[in-house]
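Okay, structure first, notes after.
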Amino acid sequence: MKRPRHTHALRSTPALLRGALLGILLFALIGTSVELLLLGHTEGFWQWIPLALIAAAFVTLGAHAFLRRAATLRAIQGTMALFLIGGVAGLVLHYRGNMEFELEMYPSISGWPLFRESITGATPALAPGMMIQMGLLGLAYTCRHPLLAGVADVESTRQTTETKT
């Protein structure tokens, strides 16, 4: 029996998309970690959080690459949820830091001018949005993953059995 020349043609579209999402996520994780380290984003507890989250993502993705279990997918989902929380916290911290700086420089500033200067200040206020994007990519990778389908089937069977008794 001859093997097909193009084995990738045998993969389903969802599997190909899932692989692409994982590749994009890994690219973003590597790029963001390098950028944060080059920028010296290591001055205190709050600045270490994105690097710690990225390290956790590499650990959970690495575990999933070797184990391929529903539990590792759940770990990825948990890590990506932390990315969302960390991204929102980072947006707030960056914005507040810029706002405090602007208020020190110009105590009478308020309203739209304060908002505009705080968003475009020295600290990139929207940069932590990258953490949110990576979290969403990771969650999209796990969405309707075949390994989780079996877990959902077991849970729904258990619930159906419990309601019947």
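Please enumerate the residues belonging to the range 15-50 that are in a helix (DSSP H, G or I), of a type outside the set (A, V, I, L, M) and surrounded by 18 or more Cβ atoms within 10 Å (Cβ to Cβ). Correct list: Arg18, Thr32, Ser33, Pro50. Residues that are under 30 Å from Arg18 (Cα atoms) and aliphatic (A, V, I, L, M): does the range 102-122 have at least one? No, the range 102-122 contains no residue that is under 30 Å from Arg18 (Cα atoms) and aliphatic (A, V, I, L, M).
In the condition set (1) modelled with pLDDT under 95; (2) buried (at least 19 other Cβ atoms within 10 Å of the Cβ), Leu53 is compliant with all but (1).
Cβ-Cβ distances below 9 Å connect no pair with a first residue in the range 12-23 that is touching a residue at least 60 places away in the same chain (Cβ under 8 Å), a second residue that is among the acidic types (Asp, Glu) and outside any loop (DSSP other than H, G, I, E, B), and a separation of six or more residues or different chains. Would you mind stating whether Leu84 is touching a residue at least 24 places away in the same chain (Cβ under 8 Å) and aliphatic (A, V, I, L, M)? So Leu84 fits the description; yes.
Of the residues examined, Gly78 is one that is loosely packed, with under 15 Cβ neighbours inside 10 Å and of a type outside the set (A, V, I, L, M, F, W, C).
For every residue, the table says whether it meets (1) closer than 14 Å to Ile49 by Cα; (2) part of a loop (DSSP other than H, G, I, E, B); (3) among the basic types (Lys, Arg); (4) touching a Phe, Trp or Tyr at 6+ places or on another chain (Cβ under 9 Å).
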{"site": "Gln77", "(1), (2), (3), (4)": "no, no, no, no"}
{"site": "Phe83", "(1), (2), (3), (4)": "yes, no, no, no"}
{"site": "Asn98", "(1), (2), (3), (4)": "no, no, no, no"}
{"site": "Trp112", "(1), (2), (3), (4)": "no, no, no, no"}
{"site": "Ser118", "(1), (2), (3), (4)": "no, no, no, yes"}
{"site": "Ile132", "(1), (2), (3), (4)": "yes, no, no, yes"}
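Counting residues in the range 42-49 that are in contact (Cβ under 8 Å) with a residue 40 or more places away in the chain, of a type outside the set (S, T, N, Q) and under 27 Å from Arg144 (Cα atoms) gives zero. A search for C-beta distances below 7 Å between a residue of the range 107-119 that is free of Cβ contacts under 8 Å to residues at least 24 places away in the same chain and farther than 14 Å from Gly97 by Cα and any residue that is surrounded by 15 or more Cβ atoms within 10 Å (Cβ to Cβ) and not β-branched (Val, Ile, Thr), counting only pairs 6+ apart in sequence or on different chains, returns Ile109/Glu102; Ile109/Leu103; Ile109/Glu117.
The values are calculated or read from the model by the stated rules, or taken from the named source; none is laboratory data. A quick note: this is a predicted structure, and the numbers were derived from the prediction, not measured. Don't worry about glycine lacking a Cβ; one is built from the backbone with ideal geometry, like all the others, and counts go over all protein chains shown.
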